Amino acid sequence: MEKGGAELPQERAIVTEIPGPKSRELEARRSTAVAAGVASSLPAYIVAAGGGILKDVDGNQIIDLGSGIAVTTVGNANPRVVQRAQKQLAAFTHTCFMVNPYEAYVEVAEALNRLTPGSFEKRTVLLNSGAEAVENAVKIARAHTMRDAVVVFDHAYHGRTNLTMAMTSKAHPYKAGFGPFAGEVYRAPMSYPYRDNRAAGTKVSGEEAAVRAISMIEKQIGSENVAAIVIEPIQGEGGFIVPAEGFLPKLVEYARAAGIVFVADEVQSGFARTGRMFASEWEGIEPDLVATAKGIAGGLPLSAVTGRAEIMDSVGPGGLGGTYGGNPVAAAAALGTIESYEQDGLVGRAEQLGEIMVDRLTRLQSKHSEIGDLRGRGAMQAVELVSGDSHEPNPALAKAVAEHAAKNAVLVLVTGTYGNVLRFLPPLDISDELMADAFDVLEEAFAQALA
């Protein structure tokens, strides 16, 4: 039995090339068994994980700067999560809450009603995935407003279901060949400070960017037809774009005045990741509905929509739910996860990790003009890579740096509309020593790629 969790030695170790021979054997089996459309960033097959380390079948120990794309935020095999999930697993695995309910579902809903932004009365529905949460938020908004149109933003990512593909901005690989998509989805310009400011030759304020988006909504749709504005407070797959200060509050103000439901997609930015429990808190906005997933249950599949009671209750009995939504084992894991956030100081730890990353990345940026922008909040940081003074996206450099890091046992994820952004999402229980080691490797990776 492989050691996992806190028992796994917290050190980078290269035993074979990465991926090693055993991983390559598994990859050969995969090619004949798994659909080709399911791709992996680093095909090193994992047998144990904990803290900041992923251990593969060849014995390599890889520093994890991805957290399963912001899922294992409390750490892999977190003891609080494991203990609660094991206890529930031994009691019963499923009844379907829509048939025979159970307390854990109610407890998770109570916790989310308490933790999400806003002091108003709330309700929650539990689901399975981030895309399902976003899609249900749209359903609820449409039921409440009796309107059809949904406004999303440039560079957005909301999922891979038919509706959420329509809401997602990037065609390849998420949308190409999968249409036609759901209708009544409209795209507004996002506040993207790095590129907005360069295009304008001056600083574009958040309020100015919001007025630009609102003008488009009014001209092309009409506020009276809009059910929901759906936005990631910090965009995820779009490249960790942090909108200019004032952008989100102005949109909320507009939505309130127009009777539009404001939906915050906090699937990637939620649950302590940014140094706040939810990214919406950075500018004090109170979304009508919040969609959550990823960091909610320590690695078990679970998602939720939480929001104003009068909006959530617009849908009648039977209108929301699903066979596995709020599965009792996942709900138990969520309770352990939330306990860890609140009792293990993880919100503060996210801020500390952010300071470490910003310091190292700022120093790297001073050496390499190809790092055009450094942005993020807390333990959700990114660098946008460009071709020197032209500021054109440089996906080749992002790929080269990530590949060098992977060969040297550091996992870094590439993202962004243009494929030119390196994103950093370490688990919050990673040590300072591992972070220093990982960024030493990244420094080497940049030096080699730009030699």
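Just so it is clear, none of the values below were taken in a lab; they were calculated from the coordinates. All values derive from a computational prediction rather than experimental measurement. Positions of Cβ are generated from backbone atoms using ideal geometry, with glycine treated the same way; all protein chains shown enter the neighbour counts.
Before moving on, here are some points about what is shown:
- Label point at E245 placed 7 Å out along Cα→Cβ; residues across the range 360-379 whose backbone nitrogen lies under 15 Å: 376-377
- Fully extending the segment from F92 to V15 would add 23.6 nm, taking 0.36 nm per residue of separation and subtracting the current Cα-Cα distance.
- Of the DSSP H helices in the chain, those whose Cα atoms cover at least 15 Å axially and whose Kyte score averages -0.5 or more: 103-115, 130-145, 206-220, 247-258, 328-343, 346-367, 395-407, 432-449
- Estimated FRET transfer efficiency (Q343, E281; beta-carbon r; R0 22 Å; 0.05): 0.70
- Neighbour-count ranking [beta-carbon atoms within 10 angstrom, fewest first] of S280, S223, S40: S40, S223, S280
- Exposure proxy ranking, count of Cβ atoms within 10 Å, fewest first, for K55, K203: K203, K55
- The helix-only estimate of mean residue ellipticity at 222 nm for the chain, built from DSSP H runs of length n ≥ 4 each weighted as -39500 (n - 2.57), is -12000 deg cm²/dmol after division by the residue total.
- For the chain, share of DSSP beta bridges that run antiparallel, in % to the nearest 5: 65
- For the range 81-343: rounded, prolate or oblate by the Cα gyration tensor [a/c cutoff 1.5]: prolate
- The ranking of D389, D58 by Cβ neighbour count inside 10 Å, starting from the fewest, reads D389, D58.
- Tensor-based shape of the range 160-308 (alpha-carbon gyration tensor, a/c under 1.5 rounded, otherwise prolate or oblate): rounded
- Simple spin-label estimate for V47 and A200 in nanometres, 7 Å along Cα-Cβ: 5.5
- The protection proxy used here, the mean number of other Cβ atoms lying within 10 Å of each residue, ranks peptides 102-115, 13-26 as follows, highest first: 102-115, 13-26.
- Within the range 81-343, percent of DSSP bridges classed antiparallel, to nearest 5: 40
- Shape category assigned to the chain from the gyration tensor of Cα positions, a/c cut at 1.5: oblate
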